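Report on the structure given below.
The values are calculated or read from the model by the stated rules, or taken from the named source; none is laboratory data. Every value quoted in this text rests on a predicted model; they were computed, and no experiment measured them. Note that we place each Cβ from the backbone using ideal geometry, even for glycine, and neighbour counts take in every protein chain shown.
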Amino acid sequence: MDTRKIVRAALIAAVYILLVYLFAGFSFGIFQFRPAEALTLLPMLYPEAIPALFVAVMLSNILGGLGPWDIFGGSLVTLLAAWVTYRYRHTWIAYASPIVLNALLISIYLRLIFEVPYWLSVIGIGISEAISVLLLGIPLVRLLKRRGIQWL
């Protein structure tokens, strides 16, 4: 990785963490609003976003206080979703992967933490993720494409 990509990865991680911190009251739980999840589409443009998002989610989930399941589980789900987003970046799968994988996999442990039915958790996380990815992430990707991929 060259210096530009390392700096870009660090910036992506920092912005993700900052957004989670600023919206901490809404960024955790079954029904959440995590604007930082808009950044989960960035692997479509920047492969270095994959490790950046993994580290950012790990550090951000420490803030959430939901424990090791969320810190490590959430990070691994993000790593998988980021890789799938990159791998299928030219298809609709790239847009769907953060939504579907977070909804189905994060809900496995959130249902235990919050003692709610699995499918309620899937619906809550799915809707929350869809709002961030579709309403914020798609315009972000379009803006970066329009302005040129080399924004840093």
Do any residues in segment 14-29 that are among the hydrophobic types (A, V, I, L, M, F, W, C) have Cβ atoms under 9 Å from those of residues that are loosely packed, with under 13 Cβ neighbours inside 10 Å, where the two are at least six apart or on different chains, and which pairs are they? PHE28/GLY65
Cβ-Cβ under 8 Å pairs, at least 6 apart or on other chains, segment 121-145 side within 13 Å of MET44 (Cα to Cα) and surrounded by fewer than 18 Cβ atoms within 10 Å (Cβ to Cβ), far side modelled with pLDDT of 95 or more and among the aromatic types (Phe, Trp, Tyr): ILE138/TYR95
Select, from PHE72, PHE28, the only residue that is of a type in the set (Phe, Trp, Tyr), surrounded by 16 or more Cβ atoms within 10 Å (Cβ to Cβ) and more than 28 Å from ARG146 (Cβ to Cβ). PHE28
Determine whether PRO51 is over 21 Å from LEU135 (Cβ atoms) and either surrounded by fewer than 23 Cβ atoms within 10 Å (Cβ to Cβ) or touching a strand residue (DSSP E or B) at 6+ places or on another chain (Cβ under 8 Å) (or both). yes
